[in-house]
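Comments concern the structure below.
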Amino acid sequence: MSISDPTQASVVPPVDHRAAVAAETARFVAALRGADLSTAVPSCPDWTLADLVRHTGSVQRWFSVLLRSRIQEPPRTREVDLRLPEREDGYPDWLAESATVAAEAFAATDPDLPMWAWGVDQHARFWARRMLFETLLHRADAELALGLTPAIDRSLAVDGIDEFLVNLPFATFFAPKVADLRGPDRTIRFRTTDGDESWLVRLRPDGFGLEEAGAAADTADATVRGTAADLLLLVYGRLPYRAQALAHEGDEDLLTHWFAHSAF
């Protein structure tokens, strides 16, 4: 499901999520070479780069197990043989190997295979798409921690915003604050400044969700504008909506409420 303007669909090329996982992991590994893995990661409070690597590689390996198992119901355990090296100086190579494990799982699994998923898309492709944005965001976290400016491909950013907003209503089991995203028919629009994509979220008394493409008027109770890359960092809580790179207008209380409860 995409709520980007359908008249602009040709502007953003389709994303090969499987290939992008490999590319984003390679960029992550490159950032780690020579880095002090005890470096704090401000965008992931209480984590170091070592924690970030362990988490990202573990997610890739766990999702790969789910793909190979063709799961049809919520998994009962997250136990995975991580093959984590004893020394942290082996972590970059281990993360690179995690992407290889994922690639092998992708190659053995039809992306259109019906599978259980915690989000909207109940197919194997859900897990490749989810793995991509776990990897991309944590690659950006690592670069930010190292004083670098993350470069995010625009097509990936557009797809990532869509993936986040489509699945967010189903994330309450690991992001409980999402359950408090309610309101008396209030709307928030996210609009790109480097393209014509637009997403409209409607908060209702019983929850929230995205409006279908073309179904919403141009106005919203609150709007945030920025490049696709900056909006992706915004929805994931890596940028505040008041950041200089972004522009916002409308109901400040609504925006404050949304961003206090939506990031995961």
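The values are calculated or read from the model by the stated rules, or taken from the named source; none is laboratory data. These numbers were taken from a predicted model, which means no experiment stands behind them. In this analysis, Cβ positions are derived from the backbone assuming ideal geometry, glycine residues included, and neighbour counts consider all displayed protein chains. Note: accessible area is taken over every heavy atom of the protein model, side chains too, but ligands, DNA and RNA are not part of it. Shrake-Rupley method; radii C 1.70, N 1.55, O 1.52, S 1.80 Å.
Quick look at the values:
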item: Solvent-accessible area per residue, Å², over the chain with all protein chains present [probe radius 1.4 Å]; result: 46
item: Degrees, to the nearest 10: 49-69 long Cα axis against longest axis of the chain; result: 90
item: Calculated SAXS-style log₁₀ I(q)/I(0) at q = 0.09, 0.17 Å⁻¹ - the chain, Debye, Cα scatterers; result: -0.41, -1.44
item: Label-point separation in nm, GLN72 to GLN122, each point 7 Å along Cα→Cβ; result: 1.2
item: Surface share of carbon and sulfur [accessible, 1.4 angstrom probe, percent] for the chain; result: 52
item: Residue-wise HN-Hα coupling along region 181-191, computed from phi with Karplus coefficients 6.51, -1.76, 1.60 (Hz; x: Gly, Pro); result: 7, 9, x, x, 6, 10, 10, 10, 10, 10, 10
item: Interchain or long-range residues, amide H under 5 Å from TRP47's placed H; result: VAL41
item: Helix axis angle, 17-32 relative to the chain longest principal axis, alpha carbon, degrees; result: 70
item: Rounded FRET efficiency, nearest 0.05, which uses the C-beta distance separating GLU249 from VAL80 and R0 of 51 Å; result: 0.65
item: Label point distance in nm, ALA26-THR172, each placed 7 Å from Cα along Cα→Cβ; result: 4.2
item: Extension gain (nm, one decimal) between ASP51 and ALA179, 0.36 nm per residue minus Cα-Cα; result: 43.3 nm
item: Computed FRET value (nearest 0.05) for ASP112 with ASP89, which takes r as the C-beta separation and R₀ as 45 Å; result: 0.65
item: Using a Förster distance of 41 Å, the FRET efficiency for THR39-THR219 (Cβ separation, nearest 0.05); result: 0.40
item: Shape of region 163-260, Cα gyration tensor, a/c cut at 1.5; result: rounded
